[in-house]
Structures are given as structure tokens and as C-alpha cells.
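Notes follow once the structure below has been shown.
The values are calculated or read from the model by the stated rules, or taken from the named source; none is laboratory data. What you are looking at is a predicted structure, and each value in this text was computed from that prediction instead of being measured. Heads up, the Cβs are rebuilt from the backbone with ideal geometry, glycines too, and the neighbour counts pull from every protein chain shown. Side chains are part of the model used for accessible areas, which takes the heavy atoms of the whole protein and leaves out ligands, DNA and RNA. Shrake-Rupley method; radii C 1.70, N 1.55, O 1.52, S 1.80 Å.
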Amino acid sequence: QAQVVESGGGLVQPGGSLRLSCAVSGRVFRNRDMGWYRQAPGKERELVAGITTGGGTNYADSVKGRFTISRDNVKNTVTLQMNSLKPEDTAVYYCNFVHFPQYQWGQGTQVTVSS
């Protein structure tokens, strides 16, 4: 049974927006900091946005001011609103806990920013 399921990716033009969603299984969700990660071709997976159990957020410099992370502790979901997308945002996006131990990585959702 999948523990994290990401959705919402797609093809978008530069300057466009996408909203990613992640469903997370388990009661531990509300007690764990969550993050959105991405992995571009030929690069390592990186953390781009994190949210604490209390709703505090932090972002990688490359997405600050453009991406917004949020969570719903009732629905066990974490969302990433991405605005002003750039070609360099192209990657597979994943969600997982910020700190170890982490769930097995899901399949992710592909985001492609291209004209």
C-alpha cells in the first residue's frame, strides 16, 4: 500500500501555475514535518519547501516567493502551490517527511515548464 501519493503535475508554460497535492497515510502525519522535494534529470533530489506540524514554512532560495506549501491535518494532505514557474522548475516532485525516518518514496509527479 502506497504511503505517499503525489498528483497535480503537468506541462505548463513559463509564468504559469500548478498546484500539487500529496496524500499521506498514517496517523503520524500530524506529528511530523512534511516537505516537497524535486529531482531534475541528472541532479540529486532536493528539498524545496517544508512545513512544520504547527504550520511554519521554509523554502529553498530558488522557489522563495513563488511556491507556497500548506497542509491539512484532517485530510492528511500536503499541497504545493507553484506560481511564476520557470523552465528550471522542471523536475519530478515528491513529498515525504523532512526528517528521518521517511516513508518509501512515491512515484512523484512530473512538472514540465516549457513553451
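Descriptive notes on the structure:
- Complete set of residues in the stretch 30-46 that are in contact (Cβ under 8 Å) with a residue 24 or more places away in the chain and either within 12 Å of the chain's Cα centre (by Cα) or in a helix (DSSP H, G or I) (or both): Arg30, Met34, Gly35, Trp36, Tyr37, Arg38, Gln39, Arg45
- Qualifying residue in the stretch 59-79 (condition: of a type in the set (Gly, Ala, Ser) and over 21 Å from Gly10 (Cβ atoms)): yes
- Screening Gln39 with (1) closer than 20 Å to Val4 by Cα; (2) open to solvent by less than 50 Å² (accessible area, probe 1.4 Å); (3) of a type outside the set (A, V, I, L, M) gives one miss only, at (2).
- Residue list for the stretch 1-27, restricted to those being over 15 Å from the mean Cα position of the chain (by Cα), surrounded by 13 or more Cβ atoms within 10 Å (Cβ to Cβ) and either under 17 Å from Gly106 (Cα atoms) or of a type in the set (Phe, Trp, Tyr) (or both): Ser25
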